[in-house]
Structures are given as C-alpha cells and as structure tokens.
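**Student:** Following this message is one structure expressed as structure tokens.
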Amino acid sequence: MTCSRRNFLVGSGAVIFTTGVASTAAFGNKSVVNTMEDGDKRYGMVHDETLCIGCTACTDACRETNNVPDGVSRLEIVRSEPQGEFPNADYQFSRVSCQHCDNAPCVYVCPTGASYKDPKTGIVDVDAFKCVGCGYCLAACPYKVRFIQPETKSADKCNFCRDTNLKAGKLPACVESCPTKALTFGDLNDPQSEINQVLNQKLVYRSKVELGTKPKLYKVPHQKGEIKG
C-alpha cells in the first residue's frame with residue numbers, strides 16, 4: 001500500500017470522538033480487527049490514560065535501556081492543564097512516541113531505505129548505517145516523534161526496544177517499569193494476546209487516523225476532558 005496524497009488525506013471512516021477536533025477517533029473492537037493486515041506478527045501498544053500517574057518511570061527506563069543521549073527522547077509523557085477545580089483538580093497524562101504505523105509516511109519518503117517497517121513484527125525502525133540524516137522522515141511524521149540522534153547523526157525514535165529488551169525475550173522497558181500497569185504490549189495478529197483482550201474490553205482511540213497512517217499505538221481515554229490528537 002502506498003502513502004499517496006489521497007491515502008494520506010482520506011480518513012479511515014472511524015467515528016470522530018472529539019468535539020471540534022478532527023484529529024482523533026475512538027474505536028470498538030470491530031474497528032480494530034478491521035485494520036489488521038496479513039503478516040507474522042504486528043506488535044502494538046495500549047496506553048491506559050486512566051491508570052497513568054505521570055511518574056515518568058517509563059521514560060527513565062527507555063533512556064537507560066536504549067542508551068538515549070541527553071537532550072533527546074524516544075518517549076515522553078505530557079501532562080495536560082488542570083481539569084476541574086481545587087481540591088478535585090485532576091490531570092491527563094498522554095504518551096508521545098512512535099505510533100509504528102502500518103502505513104508509515106516516514107518509510108515512503110526515506111531516499112535510502114533506512115526507514116523501514118519490519119515485515120516480521122510490523123515495527124517501524126531505522127537502519128542507522130543507511131541513514132544520511134537528511135531529515136525527510138522527521139518532516140513527514142505527522143506525530144513529530146523522530147529526532148536526529150546527536151551521537152550517530154542518524155534518525156532515531158522508539159522501536160519497542162527491538163534491539164534490547166525484545167531481542168532478550170522481554171517486554172519493552174517502558175512496559176516493564178510502569179508501576180500502575182498502564183501499558184500493554186503484544187501481537188495484534190494474535191486474537192488471544194493480552195493487548196487484544198484489552199482492546200476487546202475497553203474503549204480506545206488512536207491519533208490522526210484520518211491521515212490513513214494506521215497507527216498501532218492505542219489509548220484508553222482519560223475520564224475528564226475531550227480527547228485531542
């Protein structure tokens with residue numbers, strides 16, 4: 001499937017879940033299943049905003065496990081403005097990281113093939129040896145989650161700890177470190193996987209699905225306020 005201008009602009013037909021914000025859609029399980037494609041595995045992740053406390057243990061674990069230099073980050077937790085009034089004010093914490101899109105714009109614009117989607121796992125990754133640091137993928141990513149690694153001078157971002165924890169048969173570092181179990185990781189192609197159990201049980205949304213990117217980062221919406229992409 002090519003990421004043509006038409007594919008990039010045409011929506012996926014999902015129901016918009018926000019008020020006045022056409023960048024995020026909510027899904028039931030049937031919609032999730034309908035986005036699945038043939039392949040060995042398709043790794044995805046769920047971030048449950050109702051369980052996230054903003055402790056940033058995930059970001060620290062990611063940095064340590066993947067040797068991420070200071071000044072850049074593969075994963076960020078963003079805190080919203082206060083919702084409600086004191087003493088009942090609350091915050092919403094949102095995960096900002098690679099969406100591992102099935103239809104990834106960053107892959108299609110890369111002139112050297114350094115940015116690619118692994119056909120065995122569905123993980124979008126970067127081959128640092130092929131990357132020339134042109135920045136095309138940074139500009140093409142609608143989620144703005146890529147950066148130039150200051151040491152290798154190549155594009156970098158979350159790859160679900162593919163070269164570290166996954167290679168060792170473990171879960172991604174962010175998932176392992178989360179004290180509230182707000183993160184669920186697994187194979188979307190396996191109907192019995194834990195991630196599909198979560199998707200079956202909870203309402204989830206994905207960001208900017210109208211662009212046709214087919215992101216594999218799902219979020220359980222926080223109870224207060226509107227959802228924004």
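**Student:** Using DSSP to define loop residues, name the trypsin sites (Lys or Arg not before Pro) in segment 68-126 whose beta-carbon has at most 16 other beta-carbon atoms within 10 Å.
**Tutor:** Details: sites: Arg74, Arg79, Arg95, Lys117, Lys120; in loops: Arg74, Lys120.
Those satisfying the criteria are Lys120.
**Student:** Could you please report the charge total around Gly54, scoring K, R as +1 and D, E as -1 over all other residues with beta-carbon less than 14 angstrom from its beta-carbon? Don't jump to the answer; show the numbers that get you there.
**Tutor:** Numbers: positive: Arg79, Arg95; negative: Asp48, Glu49, Asp60, Glu76, Glu81, Asp90.
Net charge around Gly54: -4.
**Student:** Work out Dmax and Rg for segment 136-229 from the C-alpha atoms and quote the Rg first, both in angstrom.
**Tutor:** Gyration radius and largest Cα-Cα distance of segment 136-229: 15.4, 43 Å.
**Student:** Under a plain spin-label model, where a point goes 7 Å from the Cα along Cα-to-Cβ, how far apart in nm are Glu176 and Ser154?
**Tutor:** Result for the modelled spin labels: 2.3 nm.
**Student:** Measuring from label point to label point, each 7 Å out along Cα→Cβ, what is the Arg79 to Asp163 span in nm?
**Tutor:** A separation of 3.3 nm, rounded to one decimal place.
**Student:** With a 1.4 Å probe and every protein chain left in place, tell me how much accessible area Leu203 has, in Å² to the nearest 10.
**Tutor:** 80 Å²
**Student:** I would also like to ask the following. Taking a label point 7 Å from the Cα of Lys120 along the Cα→Cβ vector, which residues of segment 38-62 have an amide N closer than 20 Å to it?
**Tutor:** 38-45
**Student:** Let me ask something additional. How many nm separate the modelled label positions at Leu203 and Asp190, each set 7 Å beyond the Cα in the direction of the Cβ?
**Tutor:** So the two model labels end up 2.9 nm from each other.
**Student:** Another question, if that's okay. Given R₀ = 41 Å, what would the calculated FRET efficiency be for Ala139 paired with Ala89, taking r from the Cβ atoms and rounding to 0.05? Walk me through the numbers on the way to the answer.
**Tutor:** Details: r = 37 Å, r/R0 = 0.91.
With a Förster radius of 41 Å, E is 0.65.
**Student:** With the radius of gyration and the Kirkwood radius both derived from the Cα set of segment 97-175, what is their ratio Rg to Rh?
**Tutor:** Values: Rg = 12.1 Å, Rh = 12.8 Å.
The Rg/Rh ratio comes out at 0.95.
**Student:** Also, quick follow-up: Please report, in Å, the Rg and the Dmax of segment 78-128, where both are computed over Cα atoms only.
**Tutor:** According to the Cα coordinates of segment 78-128, Rg and Dmax are 18.1, 54 Å.
The values are calculated or read from the model by the stated rules, or taken from the named source; none is laboratory data. Given the structure is predicted, the values throughout are model-derived calculations rather than measurements. Here Cβ is always computed from backbone atoms with ideal geometry, including for glycine, and neighbour counts include all displayed protein chains. We work out accessible area using only protein heavy atoms, side chains counted, and drop any ligands, DNA or RNA first. Shrake-Rupley method; radii C 1.70, N 1.55, O 1.52, S 1.80 Å.
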